[in-house]
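*Asks:* After the structure tokens below, expect a handful of questions from me.
The values are calculated or read from the model by the stated rules, or taken from the named source; none is laboratory data. None of these values were measured; they are calculated from a predicted model. FYI the Cβ positions are ideal-geometry reconstructions off the backbone, even for glycines, and counts take in every protein chain you see. Side chains included, ligands, DNA and RNA excluded: accessible areas come from the protein's heavy atoms. Shrake-Rupley method; radii C 1.70, N 1.55, O 1.52, S 1.80 Å.
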Amino acid sequence: MTHRTTPPPRICPSCDGHASAAITLGGRDPHGRLRTITAHCPACHGTGTTHRRTRSTRSNREGARA
């Protein structure tokens, strides 16, 4: 009997799996550290993966448009 394995997660096509980035703001704080912000991919919300669309979801959207 074979064991079922979970499929590998689908990599986000917008960020290629690199979902978050630290961006420097161009200055230093009073302690001498670089000031940075974290930016997340808007498509996957910082997870790096996407969910697989099902056929029923697509058909429901197409039916709603008609």
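*Asks:* What's the total number of residues in segment 32-66 that are modelled with pLDDT of 90 or more and more than 25 Å from His18 (Cα to Cα)?
*Replies:* Selection size over segment 32-66: 1.
*Asks:* Only residues that are among the polar types (S, T, N, Q) and touching a His at 6+ places or on another chain (Cβ under 6 Å): list them for segment 1-55, please.
*Replies:* Ser20, the sole residue that qualifies.
*Asks:* How about segment 7-30: which of its residues are on the phi < 0 side of the Ramachandran plot, exposed (fewer than 10 other Cβ atoms within 10 Å of the Cβ) and not in a loop (DSSP other than H, G, I, E, B)?
*Replies:* Within segment 7-30, Ala22, Gly27 meet the criteria.
*Asks:* Quick one: count up the residues across segment 31-48 that are closer than 15 Å to Arg10 by Cα and open to solvent by 50 Å² or more (accessible area, probe 1.4 Å).
*Replies:* 3
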